[in-house]
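Right, one structure below, let's go through it.
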Amino acid sequence: MKKDLKPKLFRGLADPSRLRVLEGLSDGTRCVGDLVKSTGLTQSNLSMHLACLRDCGLVRSLRSGRFVYYELADPGVVQLLQAAERLLARVSKHIEACARYEGEVNSHVKRAKAKR
């Protein structure tokens with residue numbers, strides 16, 4: 001396996017909207033309308049994220065008549081989400097206090113420059 005694939009996977013999972021979609025599918029197959037309700041995303045935004053997740057092989061689509069349903073493509077996605085929850089239960093206070101991940105990739109660099 002290429003070394004650069006793991007960071008690419010985690011960058012994809014780092015998007016809050018895509019993470020909500022994956023969590024919404026962790027209970028099973030859902031139609032787009034259900035996912036719109038559970039994620040709070042607009043249908044167009046949801047469709048964009050579903051296409052990304054499908055292209056990456058994390059979800060798959062199933063057509064039934066005029067409806068399209070989505071499901072996780074691999075049970076490892078649920079295992080990864082569950083592992084993240086267990087890890088967060090142990091380290092959430094540290095992550096919450098961490099100033100390096102405030103939404104900006106280079107926030108720590110900006111703070112260092114501001115101190116000069």
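Confirm whether residue 10 is within 14 Å of the chain's Cα centre (by Cα), modelled with pLDDT under 95, surrounded by fewer than 12 Cβ atoms within 10 Å (Cβ to Cβ) and among the aromatic types (Phe, Trp, Tyr).
Numbers: within 14 Å of the chain's Cα centre (by Cα): yes; modelled with pLDDT under 95: yes; surrounded by fewer than 12 Cβ atoms within 10 Å (Cβ to Cβ): yes; among the aromatic types (Phe, Trp, Tyr): yes.
Yes: the conditions hold for residue 10.
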Exercise for the section: Mind listing just one residue for me: the one in segment 13-43 that is outside any helix (DSSP H, G or I) and out of contact with any strand residue (DSSP E or B) (no Cβ under 8 Å at 6 or more places or on another chain) and, of those, surrounded by the most Cβ atoms within 10 Å (Cβ to Cβ)? Expected result: 41
Practice task
Search segment 63-116 for residues being closer than 21 Å to residue 17 by Cα and touching a strand residue (DSSP E or B) at 6+ places or on another chain (Cβ under 7 Å), and hand back the single one that is modelled with the lowest pLDDT.
Solution key: 68
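The values are calculated or read from the model by the stated rules, or taken from the named source; none is laboratory data. Because the structure is predicted, anything quoted here is derived from the model rather than measured. Glycine gets a Cβ as well: all are built from the backbone with ideal geometry, and neighbour counts include every protein chain shown.
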